[in-house]
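The values are calculated or read from the model by the stated rules, or taken from the named source; none is laboratory data. No experiment lies behind these values; they were computed from the predicted model shown. Heads up, the Cβs are rebuilt from the backbone with ideal geometry, glycines too, and the neighbour counts pull from every protein chain shown. Please note that ligands, DNA and RNA were not included when accessible areas were found on the heavy atoms of the full protein model with its side chains. Shrake-Rupley method; radii C 1.70, N 1.55, O 1.52, S 1.80 Å.
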Amino acid sequence: MKILVINCGSSSLKFQLIDSDTEAVICKGLCERIGIDGSQIVYTPAGKDKITKVEPMPDHNKAIELVIEALTNAENGVVELSEIGAVGHRIVHGGEKFTKSVVINEEVIKAIEEVSDLAPLHNPANLIGIRACEKVMPGVPMVAVFDTAFHQTMPQEAYLYGLPYSYYEKYGIRRYGFHGTSHSYVSKRAAQILGKDIKDLKLIVCHLGNGASVSAVKEGKCIDTSMGLTPLEGLIMGTRTGDIDPSVVEFIMKKENSTVADVTNLLNKKSGVFGLSNDLSSDFRDLEDAYLKGDENAKRAVDAFTYRVAKYIGSYTAAMGGVDAICFTAGVGENSGFTRGLICERLSFLGATVDAEANKVRGEEKFISGADSKVKLLVVPTNEELAIARDTFELCK
Ligand code: ADP
């Protein structure tokens, strides 16, 4: 079956067409600047050159039409429309309602709407993508795959904040966690690479991209993760603060005479390694180059980042009563031996050692731990689109 995977943002739409038999990507691409001047679709059919078409896209319906046109046109299309057997949608927030992927119907759409106040920028965009596909491909089954679902196994002691319990009951204020599709995919893959049943393993997955999170996966179930009610909590990220004392918000507002919205923007968009490096960069390639040249701004930011990751690894080792393997994934985790090395240097308390040669790996599955390491360290490239396609196939086959 050919599965169309859709990741719909407020002004962008990423897509991949995946063959569920071979798991090969048949075509992948991106619609940018939907609803804004200068919109374009960029896509690459497998084995061919990248194609860019500048086309007005006033809304997501038009974007989906262009995706279908790109996939099916006579000149460089890759399928007939009737061959697309199902559509898998990445949905950011499933609240407590969704603990696994589900086939989309009106009831599911209503439930996604109901939790939209927990992800006001993302869920409405995801729903627009669902509606647009419904319109352009009526009758084709669709599946919702939630970023939060994998973390729904967290016990209450891990997901509750120390707030009055009534705030959880009334408003659902709790830790949900994100990147769940990635944490689930990587932990399962790690068990396969280790040649063990996941039920016999204690794993820590470090998803280190522009957004970053860590999760503790015990016996195949997530028991804790670093992101919270929103993706702002936890690690220091590209531009997000991660954990801070909530009193900082009021303090900055008074000092700078600013609003809650201003400070929220500061915490999300101008902080993290970007802010810590005095606005040098949020990109780890730039920070790594500067760090190696002795730049103090880069050193300060990267050191705070690696410290925080190691601190979470320590706390999750305590939470699970041990750890068998630590996995690195996403842009930084898959590609930056430098940053991985700095994190692992901080893990000597676990008896972790790194094989410097192996740690040069980029974007490939590989053990990077030394032969004498007491804990396995490994790089496992994530593949959220494939995970979405697999769930979609399972529910629609
Ligand atoms: P997101 O999906 O959260 O936007 P990604 O997982 O794509 O993020 O990761 C983006 C990050 O990965 C950027 O900070 C980028 O610098 C980093 N990255 C990508 N390649 C490398 C590399 N070779 N060395 C260091 N960092 C890298």
(message) Regarding segment 289-302, can at least one residue be identified that is under 30 Å from LYS188 (Cα atoms) and within 19 Å of the chain's Cα centre (by Cα)?
(response) no
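Please work out which residue is nearest to LEU4 (Cα to Cα), limiting yourself to segment 89-113 and to residues that are of a type in the set (Gly, Ala, Ser) and free of Cβ contacts under 8 Å to residues at least 60 places away in the same chain.
Filtering segment 89-113 down to residues of a type in the set (Gly, Ala, Ser) leaves 94-95, 101, 111.
Narrowing the set further to residues that are free of Cβ contacts under 8 Å to residues at least 60 places away in the same chain leaves 94, 111.
Numbers: GLY94: 21, ALA111: 23 Å.
Among those residues, the one meeting the criterion is GLY94.
Taking the criterion of being within 14 Å of the ligand (Cβ to nearest atom) and touching a residue at least 12 places away in the same chain (Cβ under 8 Å), would at least one residue in segment 243-257 satisfy it? Give the derivation first.
Taking segment 243-257 as the starting set, the residues that turn out to be within 14 Å of the ligand (Cβ to nearest atom) are none.
The answer is no, given that none of the residues of segment 243-257 is within 14 Å of the ligand (Cβ to nearest atom) and touching a residue at least 12 places away in the same chain (Cβ under 8 Å).
Evaluate segment 44-52: report whether one residue or more is hydrophobic (A, V, I, L, M, F, W, C) and over 23 Å from ALA387 (Cβ atoms). If you could, list the steps in order and put the result at the bottom.
Step one: list which residues in segment 44-52 are hydrophobic (A, V, I, L, M, F, W, C), which gives 46, 51.
Add one more test, that the residue is over 23 Å from ALA387 (Cβ atoms), and what stays is 51.
Yes: one or more hits.
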(request) Of all residues in segment 124-149, count the ones that are more than 27 Å from GLU69 (Cβ to Cβ) and not aliphatic (A, V, I, L, M). (result) 3
(request) Would you be able to tell me the number of residues in segment 92-145 that are of a type in the set (Val, Ile, Thr), over 21 Å from the mean Cα position of the chain (by Cα) and either part of a helix (DSSP H, G or I) or not assigned by TED's automatic domain parsing to the domain that holds LEU71 (or both)? (result) 3
(request) Please state which of the following conditions ILE64 fails to meet, knowing it meets all the rest: (1) among the aliphatic types (A, V, I, L, M); (2) in a strand (DSSP E or B); (3) crowded, with 19+ Cβ neighbours inside 10 Å. (result) (2)
(message) As an exercise: evaluate LEU342 against (1) over 18 Å from VAL186 (Cβ atoms); (2) surrounded by fewer than 19 Cβ atoms within 10 Å (Cβ to Cβ); (3) within 16 Å of the ligand (Cβ to nearest atom) and give the number of the one condition it does not meet.
(response) (2)
(message) Of the residues VAL354, VAL375, only one is open to solvent by less than 20 Å² (accessible area, probe 1.4 Å) and either within 21 Å of the chain's Cα centre (by Cα) or away from the ligand (no atom under 16 Å from the Cβ) (or both); which?
(response) VAL375
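For segment 355-397, enumerate the residues that are assigned to a loop (DSSP other than H, G, I, E, B) and among the hydroxyl-bearing types (Ser, Thr, Tyr).
In the first step, residues of segment 355-397 are kept if they are assigned to a loop (DSSP other than H, G, I, E, B); the result is 355-357, 361-365, 368, 370-375, 380-383, 397.
Across segment 355-397, the qualifying residues are SER373, THR382.
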